[in-house]
């Protein structure tokens, strides 16, 4: 029986059906022998897995794409069924939340963002669930099978979270969504979920260690080790309270890193210098002709770059992925940021560093990684259970 609030694993699954589904998602339409060659599984194992995936509606055959002269069912290309099941992905932020409908090929079919409706969990879940129903109305022919929530929180139990920014304590957020939408929901801290999104849509294979650093209205980091997101027992690795050091333009009130370089901190720093803006994008527009606004954003980029360099010096990753709008929305400030990452001396060479492929949609992709986690781990078991529960 499917747990009501399953714990997400956030890793590449060793299950043969999961490996076959992943190969099909990245390479499809693709033949069974090609999947076997890619995964290292036997043709017989791939054949059994594809038959099971066909029976659960995950994939479909494309006989019209067979090459001339090819014979037999193994040569029929298969792909993720574009009319197959869907999931609901929810990201709850301090100021902005987003709901997305996703399919099993990791595509976002529809999405809608709104200002986060207050701090009361019941109200937030009510309004975000209503958005999900409206989005699902355009996909009535698709079966809803799963849901996922990503947010800046600590997991306190199955589906339960503490959320310091919203003032939540041990809120059963997964159950609240399940009660309204009727499918199992998983919940994960959003930085770890963003790391899982890199596994989901980044590259087909993952080896070594990747450091994921997020910055916007919260700041955190996560490690991916050989295809598995590290889930520390102490909870999500929030970096909010790290000291900042001396600042010139940022407004350091002594409350730690987030208070200084988070979006609210930048708006406040601008106000103390006579620049009235309501958001960081407005500040960035102003910075094109205002040297003080520009200096504020340069100093934030430099501070974040030093942070990335420091964490890299401690964790020694093979690669670093920067995600969150503090990194992705202002490319003109990447140069001072990258320069600052090199201030920390790293013996043996610096890690590869890149900005997340999800760009400004990282919140949606993080929530999607949580929503698809159980299916990605064992698609046949997850979807067979869901099919039997709605029959």
Looking at the range 239-256, can you tell me whether even one residue there is on the phi < 0 side of the Ramachandran plot, buried (at least 18 other Cβ atoms within 10 Å of the Cβ), free of Cβ contacts under 8 Å to residues at least 60 places away in the same chain and assigned to a helix (DSSP H, G or I)? no
So residue 152 clears everything in (1) at pLDDT 95 or above; (2) over 30 Å from residue 29 (Cβ atoms) except one condition, right? Which one? (1)
Taking into account only those residues within the range 17-33 that are in a helix (DSSP H, G or I) and more than 29 Å from the chain's Cα centre (by Cα), which is farthest from residue 85 (Cα to Cα)? 33
Selection over the range 349-391 where residues are surrounded by fewer than 19 Cβ atoms within 10 Å (Cβ to Cβ), at pLDDT below 90 and under 15 Å from the mean Cα position of the chain (by Cα) yields a count of 3
State the number of residues belonging to the range 204-229 that are closer than 12 Å to residue 327 by Cα and surrounded by fewer than 18 Cβ atoms within 10 Å (Cβ to Cβ). 0
Tell me which of these residue 2 doesn't satisfy, since it passes every other one: (1) part of a helix (DSSP H, G or I); (2) within 23 Å of residue 150 (Cβ to Cβ); (3) at pLDDT below 95. (1)
Enumerated strands (runs of 3 or more DSSP E) restricted to the range 127-206, each holding at least 2 residues that are touching a helix residue (DSSP H, G or I) at 6+ places or on another chain (Cβ under 9 Å): 144-151, 160-163, 168-171, 185-189
For the subset of the range 212-238 comprising residues that are touching a helix residue (DSSP H, G or I) at 6+ places or on another chain (Cβ under 7 Å) and not in a strand (DSSP E or B), which member is farthest from residue 301 (Cα to Cα)? 227
Report yes if residue 99 is in contact with a helix residue (DSSP H, G or I) (Cβ under 7 Å, 6 or more places away or on another chain), free of Cβ contacts under 8 Å to residues at least 40 places away in the same chain and surrounded by 20 or more Cβ atoms within 10 Å (Cβ to Cβ), otherwise no. yes
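The values are calculated or read from the model by the stated rules, or taken from the named source; none is laboratory data. Note that this is a predicted model, so its numbers are computed, not measured. Backbone-built Cβ (ideal geometry, glycine too); neighbour counts: all protein chains shown.
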